[in-house]
Amino acid sequence: MAPIFRCVPSRLCARRRNGFHFSCVLKPGYGRWVGMQQAVSDNFGALTAALWDQPRCGEPGAHPTYCIAKPRGLGAVADAAGKVLSLGYGMLSTVHALETPGGDDDRQWLTFWVIIALLSVLESFAAVLLTAVPHYYEAKLLLLVWLLFGFGAEKLYRRVRRFLFQLEQRWTLLGTLVGDRADRLAADELASLPATLVASVSA
C-alpha cells in the first residue's frame, strides 16, 4: 500500500514527520551539495559586483569581504614609501638616464615604467583581490626596491626578451616542419595520380 504522503522525487527528498504533520526535506547529502552550490553562486555574484564597482571597505553598500581594504600599519607605510620611491627616485633616475649617452640605463628605466603601468592597470581591475592578500603592500614595496636598486627591470627585460626570442624560433621551426610535411604529402598525392592526369594538370 502506497503511503498517504509522498515526497517526489524520492531519490532527492525525504519525508519528515512532526506529530501529525508531514513535510518534505532534501536528503542530507543532496542538501549539502545544494548549499555549497548556493554559497558559490552567492560569493561569485558578490565578487563580480565588487570587481565591477570597486567599493572601499566601510562604504555604504560595500560587501564585508569583497572590498578594497585600506592599508594599515606597516602596510600603509610600505604603500607610501613605494609611491615616493617610484615617483621620486624613479623620475630622477629616468631624467639622468636620458641626459647621459648610452642605452643601457634607458632600457632599465623604460622597462621600469612599463612595469609600473602594468601594475597600475592590474590594480585598477583587481584591487579587491590584491588588497585581500596578506602583506600585499609590503611585497609590492620589495618588488619596487628590487626594480629600482637591483636593476630588476633590466633583468626582467632580458628574460622576457630571451623567452620571446625562443618562442619565435619554435614557431618558425614549427611552421617550417608543417610546410615541409604539406609539400611531401602533396608530392606523394601527385605521384599516385595517373601520368596522363598529371600531364593534363601540368599543362
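Rule-based calculations on the coordinates, nothing more; no lab input. No experiment lies behind these values; they were computed from the predicted model shown. FYI the Cβ positions are ideal-geometry reconstructions off the backbone, even for glycines, and counts take in every protein chain you see.
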> Considering the Cα trace of the stretch 60-203, what is its radius of gyration and what is Dmax, both in angstroms?
Replying inline: 27.2, 87
> What aspartates and glutamates sit close enough to Lys140 to cross-link, taking a C-alpha to C-alpha distance under 15 Å and skipping anything fewer than 8 places away on the same chain?
Replying inline: Asp79, Glu123
> Which far-off residues, 5 or more places away or on another chain, put their amide H under 5 Å from the one on Arg56, with H placed in the peptide plane?
Replying inline: Ile68
> Which whole-Hz couplings ³J(HN,Hα) result when phi for each residue of the stretch 143-148 is put into the Karplus expression 6.51 cos²θ - 1.76 cosθ + 1.60, θ = phi - 60°, listed in order with x for Gly and Pro?
Replying inline: 4, 5, 4, 5, 5, 7
> Arg107: net charge of surrounding residues, Cβ under 15 Å, Lys/Arg +1, Asp/Glu -1, itself excluded?
Replying inline: +1
> Once phi is turned into ³J(HN,Hα) by the Karplus curve 6.51 cos²θ - 1.76 cosθ + 1.60 with θ = phi - 60°, what whole-Hz value does each residue of the stretch 155-166 show in order, with x for glycine and proline?
Replying inline: 5, 5, 4, 5, 5, 5, 5, 5, 5, 5, 5, 5
